[in-house]
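Chemist: This is the structure, below, for whatever I ask next.
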Amino acid sequence: MQFTTRCSRHRGFTALELIIVLVIGFSILALSASKIGELFTSSKATQAVDAILNLSRAMHEFKASPEFDPNSQDITNDLKNAELIPKSIKVVNNTLEGIWKGNITITYTNNITSITYPNVPKSPCIKIVRGLLPSGFVDSIQGTGNPLTANTPPNITAACTPAQNATSVDLVITI
């Protein structure tokens, strides 16, 4: 008996098959990268909402405390001294820093507290406004000089639209 062996040709990918696989792979990567960018934007907006709400709660708590001086010229420093600045807000050189690297300011005038949250890009601004409105802590929101008169998509978009030649909005939240 004689055994014969057959040589089968082992073949790898052709150049065309490899190119097709690479194009599909890079397309999937590109799509997922854009979604990851949106995820980071959404995450920053959520962090900003949490920071603003925590700061609002801290301010309400501070106004009820004996250390509160309604005539103080530096409410931010007073909050800091009372150790009421939320951990979600970064303190840099005695100023509060927002996620988009602007100085958060708190003012108290005529029994009205306002928090200015600066340098908010349009897309996160809309998410922030939508996150703050149902909280019950916010009396009014204003962005780029446009007060938010009603909780409707066109009004939110108008309040979050940067001024001409600007790329961001400074939100003024009255609590």
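The values are calculated or read from the model by the stated rules, or taken from the named source; none is laboratory data. All figures in this text were calculated on a predicted structure; none of them were measured in a lab. Here the Cβ positions follow ideal geometry from the backbone for every residue, glycine too, while neighbour counts run over all protein chains shown. Surface areas here come from the heavy atoms of the whole protein model, side chains and all, with no ligands, DNA or RNA. Shrake-Rupley method; radii C 1.70, N 1.55, O 1.52, S 1.80 Å.
Chemist: Among all residue pairs at least 6 apart or on different chains, which show Cβ distances below 7 Å where the first residue, located in the range 67-87, is within 14 Å of Leu55 (Cα to Cα) and touching a residue at least 24 places away in the same chain (Cβ under 8 Å) and the second is open to solvent by 30 Å² or more (accessible area, probe 1.4 Å) and in a helix (DSSP H, G or I)?
Modeler: Taking only residues 6 or more apart or on different chains, the pairs are Leu84/Glu61; Pro86/Asn54.
Chemist: Let me ask something else. Can you tell me which residue among Lys63, Lys87, Lys80 is within 19 Å of the chain's Cα centre (by Cα), among the charged types (D, E, K, R) and open to solvent by 40 Å² or more (accessible area, probe 1.4 Å)?
Modeler: Lys87
Chemist: Further, regarding this structure: Taking the condition of being open to solvent by 40 Å² or more (accessible area, probe 1.4 Å), at pLDDT 80 or above and under 26 Å from His60 (Cα atoms), how many residues in the range 137-169 meet it?
Modeler: Number satisfying all stated conditions: 3.
Chemist: For the range 66-97, name all the residues that are in contact with a Gly (Cβ under 9 Å, 6 or more places away or on another chain) and assigned to a strand (DSSP E or B).
Modeler: Passing the criteria: only Lys90.
Chemist: Given the criteria at negative phi, open to solvent by 70 Å² or more (accessible area, probe 1.4 Å), under 19 Å from the mean Cα position of the chain (by Cα) and of a type in the set (S, T, N, Q), does Gln73 qualify?
Modeler: Spelling it out, it is not the case that Gln73 is at negative phi, open to solvent by 70 Å² or more (accessible area, probe 1.4 Å), under 19 Å from the mean Cα position of the chain (by Cα) and of a type in the set (S, T, N, Q).
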